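Taking it in order: structure first as structure tokens, then the write-up.
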Amino acid sequence: MAQKENKFPPELEDDQQAAVLYSPFREKSLNPTSWNRKLKFWENLLSGMALEQGLVTFDLDALPKMFERKGLTPKCLDTVIAELIKSGRVRSIENYSTSSSWLSWGFETLIKQPVVWGVSHLVGPSKPKSSIYVWPEVVKNLAEQLAQQHEKNVYAGLTTNLISMNDLRTSCFSMIPNDQDFEIILVQLEREKKIVVETKNKEKVVKFYKKEENSVEPITELELQVYQIQKTAKGLEKEISKCSTEIESLIDEAKRYVREGSKFKAKKSLKKKNGMLKLMEKKSSTLENLYAILEKIQDASTNEMVVKACESGLAALKSINAETNLEKAEAVLDNLQEAVENQDDIAHTLASLNLGEDSMEDLESELLELMKDDNQVVQHDSGKISSLDDLPDVPSHVPSRKKESTQSKHLPHKYLSSS
């Protein structure tokens, strides 16, 4: 985490006091009171700075530089950190290793083959022992904040207790901007049995505990199926919104060509719009099926009923994919994962084909509607001049972007995943 500029306490602004506080510790037996007072000063200063700035880690080699004044740095911090380690207020980075396989390569390297670049500083070459240390109190505070933030997001319907690692990282980036700090905090939550992290279908997925549970259980296949449905539904919502935007753009384009008198180009834009509209309707149909699945799951009282709800809903999805002549998914999860990709393939095909379903009469009729509602005079390619009124808005049968963003009225809040 980026360090804020340190403001020295009054004791370090005084040259005489600073000289004493910066000097190495003398033998404790010579003056135990003075020795303890000096130790207490540095312990309070360092821990207070860590808590105030949310510093998860620090580099012992770089720490003295943070307190440089008038060319001098403290020579006593090794002793201070050693005492903090004894009391448990500071721990080595190696204490946050885990048997889990989800840690990033960089963090595993930091623990197994420690180098000084660490989390908060970039200083010097590799060393036989890591000089990176962790503030457990800061880690626990941030871990609690992260768990509370996720709980609020679940309550607001923005996500569920199952979330992808990437989505979780994005949601807490402002709180924990450093990637290694983020992984240390996840290790802490894992130790507290508040999360489990597993790799499913080449994706890291995090499951949070629920308040009514004492600890979190491993991710079940049923939970994973529900998660994949949520993920597919969220992706479709975005795709439908993009389609709606594209349709509006194509209608505006057609209107512009009408004003310019280019009938051929206007009809071409309308043809593209019609293809995009059909694609959006196909995506909307798929999304409605996913809503139906999730609603059935919400209403189910047993695992067996949930499984049946998934299977019955997915049968409709397979039927939709069959109509588009795309490869059917053999497994339930494969079908869910490929739903969005299949629709993208269809979009590419529709955009490139000369759609036979749109007769010239239909396009002429639609073009005439645009022309009727425009109050300008347009010279057509044929040389014919027509009087036009105001151009229409997007047809009422095309969902607006605002309407697409309110799909939660169909989808229970608890099944909406974060984007």
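Figures for the structure shown
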| read-out | value |
| --- | --- |
| Filter result (in a loop (DSSP other than H, G, I, E, B) and modelled with pLDDT under 90) within the stretch 176-215 | 201, 202, 210, 211, 212, 213, 214, 215 |
| Any hit, the stretch 244-263, residues being in a helix (DSSP H, G or I), surrounded by fewer than 16 Cβ atoms within 10 Å (Cβ to Cβ), basic (Lys, Arg) and free of Cβ contacts under 8 Å to residues at least 60 places away in the same chain | yes |
| Sole residue being in contact with a strand residue (DSSP E or B) (Cβ under 9 Å, 6 or more places away or on another chain) and hydroxyl-bearing (Ser, Thr, Tyr), chosen from 220, 199 | 199 |
| Subset of the stretch 132-156 (residues that are surrounded by fewer than 15 Cβ atoms within 10 Å (Cβ to Cβ) and either under 23 Å from residue 220 (Cα atoms) or aliphatic (A, V, I, L, M) (or both)) | 155, 156 |
| Number of positions in the stretch 177-216 that are free of Cβ contacts under 8 Å to residues at least 60 places away in the same chain and in contact with a helix residue (DSSP H, G or I) (Cβ under 6 Å, 6 or more places away or on another chain) | 5 |
| Leading residue by the ranking (most open to solvent (accessible area, probe 1.4 Å)) among those in the stretch 264-291 that are farther than 15 Å from residue 237 by Cβ and among the aliphatic types (A, V, I, L, M) | 276 |
| Any hit, the stretch 211-222, residues being open to solvent by 70 Å² or more (accessible area, probe 1.4 Å) and closer than 30 Å to residue 48 by Cα | no |
| Filter result (in a loop (DSSP other than H, G, I, E, B) and either open to solvent by less than 30 Å² (accessible area, probe 1.4 Å) or in contact with a strand residue (DSSP E or B) (Cβ under 6 Å, 6 or more places away or on another chain) (or both)) within the stretch 163-175 | 172 |
| Single unsatisfied condition, residue 236 versus (1) open to solvent by less than 20 Å² (accessible area, probe 1.4 Å); (2) at pLDDT below 90 | (2) |
| Odd one out for residue 232, checked against (1) touching a helix residue (DSSP H, G or I) at 6+ places or on another chain (Cβ under 7 Å); (2) under 30 Å from residue 365 (Cα atoms); (3) among the hydroxyl-bearing types (Ser, Thr, Tyr) | (2) |
| Candidate set from the stretch 20-40 (those that are aliphatic (A, V, I, L, M) and under 22 Å from residue 73 (Cβ atoms)); member that is nearest to the chain's Cα centre (by Cα) | 39 |
| Checklist (1) over 25 Å from the mean Cα position of the chain (by Cα); (2) at pLDDT 75 or above; (3) not β-branched (Val, Ile, Thr) applied to residue 145, failing item | (1) |
| Lone unmet requirement of (1) at pLDDT 90 or above; (2) open to solvent by less than 70 Å² (accessible area, probe 1.4 Å) for residue 309 | (1) |
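The values are calculated or read from the model by the stated rules, or taken from the named source; none is laboratory data. Quick caveat: nothing in here was measured; it's all calculated off a predicted structure. Heads up, the Cβs are rebuilt from the backbone with ideal geometry, glycines too, and the neighbour counts pull from every protein chain shown. The protein model used for the area step is the full one, side chains on, heavy atoms only, and it has no ligands, DNA or RNA in it. Shrake-Rupley method; radii C 1.70, N 1.55, O 1.52, S 1.80 Å.
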